[in-house]
Each structure stands twice: as C-alpha cells, then as structure tokens.
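A quick write-up on the structure given underneath.
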Amino acid sequence: MRHIMVLNAKGGCGKSTLATNIASYFANEGATVALADYDPQRSSLDWLDRRPENRPTIHAVAGFEGGLRHCPRNADFVVIDAPARSHGKELTDLVRHAETILVPVLPSTIDMQATTVFLDELRNVGKIDRKQAKFGLVANRVRDNTLIFDDLDEYLTKARAPYIAALREAQNYVRAYTRGLGIFELPEYLAWPDWDEWEPLTAWLRSKRSQP
Ligand SMILES: Nc1ncnc2c1ncn2[C@@H]1O[C@H](COP(=O)(O)OP(=O)(O)OP(=O)(O)O)[C@@H](O)[C@H]1O
Ligand SMILES: [Mg+2]
C-alpha cells in the first residue's frame with residue numbers, strides 16, 4: 001500500500017486539486033485507490049460525491065474524523081489531501097501516514113515565502129530527516145512567459161528538494177473538479193497539454209525515486 005500525501009501549510013496552493021487528480025489517475029490505471037481527506041473543509045470528499053458512477057471507483061475516507069481506520073485494506077494507493085496550516089505536532093502526525101509527499105507551490109511571492117518557512121519545518125520532521133519519507137515540489141497554476149513564473153522556476157530549482165513538475169493554470173482543473181473527474185478523464189483534444197505536464201509527475205510517483 002502506497003501513501004501519497006499532498007501537503008503545504010499554505011492555503012489555496014492546489015493540494016485538493018492535485019490529490020483528486022492523482023487519485024483518478026491511479027484509478028484509471030486499474031489500481032484500487034482510496035482518497036483520504038484530512039481537511040474538514042472536505043474538498044476531496046465533495047469531489048467524490050460529484051463523481052459519476054460509471055468512472056473507476058475511488059474509496060472515500062474521512063481522515064479528519066477517523067484517520068485511516070476506515071481505509072480499505074486492499075488499497076494499492078491511499079492519496080491523502082492534507083489541510084492548510086498544518087504545523088508542529090499536527091504536521092508530525094500527518095507525515096507519519098505517508099511515504100511520499102508532494103508540495104504544490106503557486107507563482108506568488110507570498111506563497112514562495114510561506115513555502116520556505118514550511119519546507120524548513122518539514123525537513124525537521126523526524127520521518128523526513130531520517131529519510132523514511134520523500135518529498136517533491138510541484139509548481140501549480142503557472143503561466144508561461146510571466147516574470148513570476150521565472151521566479152518560481154528558479155526558486156524551485158534551487159530548493160534542496162526535487163522539482164518534479166510545473167502545471168499550468170487551466171480551466172480544465174476547475175471543470176474536472178465540478179464534474180467529479182480528473183483531467184485524465186477529460187477529452188484528449190481539451191486536456192492533452194495537461195496530460196503532457198503530468199507525465200513527469202506520474203513517472204516520479206511510479207518510480208523508486210519517490211519512495212524511501
Ligand atoms: N492548475 C490550476 N489551474 C486552475 N485553477 C486551479 C489550478 N489548481 C488549483 N486551482 C484552483 O485554485 C483553487 C485552490 O485550489 P485547491 O482547493 O486545490 O487548493 P488547496 O491547497 O486544497 O486549498 P486549501 O488550502 O483551502 O485546502 C481552487 O479554486 C482550484 O479550482
Ligand atoms: Mg484543499
């Protein structure tokens with residue numbers, strides 16, 4: 001059972017968007033997938049409520065209530081959507097559940113600044129420090145040919161952690177969420193640019209590089 005967590009103390013950076021898309025990606029690959037929402041805001045569980053019945057099943061786990069107690073034992077992948085503002089003991093407890101952590105970051109000075117503080121805290125969590133969990137960085141909502149994307153690109157390249165992928169700002173993510181789908185479940189003529197951008201991310205998640 002693989003546990004993949006999407007985590008950043010900064011709010012609104014795309015944790016739920018990444019979590020729902022990762023879950024639908026692996027479900028469409030034929031894996032047994034659970035999506036554990038640790039945020040009482042319930043964005044991932046709301047997305048599952050919207051999910052059409054004819055799409056590959058993803059098991060809902062209300063992590064904010066009972067942790068992973070109700071997670072199906074046969075799950076190949078447990079994708080965990082973490083809440084914003086996770087610090088201190090709460091952060092340590094969350095990280096305990098994951099071997100792989102993805103940290104989305106927006107092209108914004110406020111977000112880069114907040115992420116610097118967060119990454120310092122994350123590196124000091126015992127499990128990360130002992131290399132029992134791996135984390136990687138994802139640029140999210142980027143717009144090509146903007147100065148702030150150049151800044152984010154440089155920031156993530158210099159960060160002492162693997163920079164896995166850059167995902168563009170696209171209405172596809174908003175449309176897909178509304179319909180309970182992932183971008184992999186949208187028509188190819190609409191979503192192919194996003195599929196291309198996800199390739200390094202899914203390759204990393206499937207590889208040993210993302211595992212302790
Ligand atoms: N690549 C993207 N392109 C366009 N919109 C996006 C993208 N990623 C996220 N969004 C939108 O940005 C908003 C915040 O995303 P999301 O809810 O996934 O962030 P979050 O980190 O889970 O937020 P919170 O900290 O509140 O849980 C949402 O409206 C979402 O639809
Ligand atoms: Mg969220």
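The values are calculated or read from the model by the stated rules, or taken from the named source; none is laboratory data. Only a predicted model underlies this, so the values are computations on that prediction, with no experimental measurement involved. Note that each Cβ is placed from the backbone with ideal geometry, even for glycine, and that neighbours are counted across all protein chains shown.
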ask   = Across the range 42-59, which residue is nearest to PHE184 (Cα to Cα) among those that are part of a loop (DSSP other than H, G, I, E, B) and of a type in the set (Lys, Arg)?
value = ARG55
Residue pairs meeting the criteria (Cβ under 7 Å; at least 6 apart or on separate chains; first aliphatic (A, V, I, L, M), in the range 9-32; second within 12 Å of ligand 1 (Cβ to nearest atom) and assigned to a loop (DSSP other than H, G, I, E, B)) = ALA9/ALA84; ALA9/ARG85; ALA9/SER86
query = Considering the range 1-41 alone, what residues qualify as being assigned to a loop (DSSP other than H, G, I, E, B) and aliphatic (A, V, I, L, M)?
reply = MET1, LEU7, ALA9, ALA31
remark   = Checked against (1) within 16 Å of ligand 1 (Cβ to nearest atom); (2) within 15 Å of the chain's Cα centre (by Cα), LEU48 satisfies every condition except (2)
note = Of the residues in the range 1-43 that are more than 23 Å from ILE128 (Cβ to Cβ) and among the hydroxyl-bearing types (Ser, Thr, Tyr), the one that is farthest from ligand 2 (Cβ to nearest atom) is THR32
query = Taking the range 76-91 only, how many residues are within 10 Å of ligand 1 (Cβ to nearest atom) and assigned to a strand (DSSP E or B)?
reply = 1
inquiry  = For the range 181-208, give me the residue count where each residue is in contact with a helix residue (DSSP H, G or I) (Cβ under 9 Å, 6 or more places away or on another chain) and in contact (Cβ under 8 Å) with a residue 24 or more places away in the chain.
reply    = 12
query = Restricting the search to the range 98-145, which residues are out of contact with any helix residue (DSSP H, G or I) (no Cβ under 6 Å at 6 or more places or on another chain), part of a loop (DSSP other than H, G, I, E, B) and surrounded by 12 or more Cβ atoms within 10 Å (Cβ to Cβ)?
reply = ALA98, GLU99, LEU106, SER108, GLN132
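Residue-wise test of (1) out of contact with any Lys or Arg (no Cβ under 8 Å at 6 or more places or on another chain); (2) closer than 25 Å to ASP194 by Cβ.
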site	(1), (2)
GLY11	no, yes
TYR25	yes, yes
GLU29	yes, yes
GLN41	yes, yes
ARG69	yes, no
ILE80	yes, yes
PRO104	no, yes
message = One residue is enough: does the range 171-180 have a residue meeting the conditions under 19 Å from ALA19 (Cα atoms), part of a helix (DSSP H, G or I), small (Gly, Ala, Ser) and in contact (Cβ under 8 Å) with a residue 40 or more places away in the chain?
response = yes
inquiry  = Anything in the range 159-192 that is exposed (fewer than 14 other Cβ atoms within 10 Å of the Cβ) and over 17 Å from PRO104 (Cα atoms)? List them, or say none.
reply    = GLN171, THR178, PRO187, GLU188, TYR189, TRP192
Unique residue being among the polar types (S, T, N, Q) and either at pLDDT below 95 or over 24 Å from TRP195 (Cα atoms) (or both) when the list is ASN140, ASN172, ASN124 = ASN124
task = Scan the range 104-111 and give yes if some residue there is closer than 22 Å to TYR163 by Cα, under 18 Å from the mean Cα position of the chain (by Cα) and among the β-branched types (Val, Ile, Thr), otherwise no.
result = yes
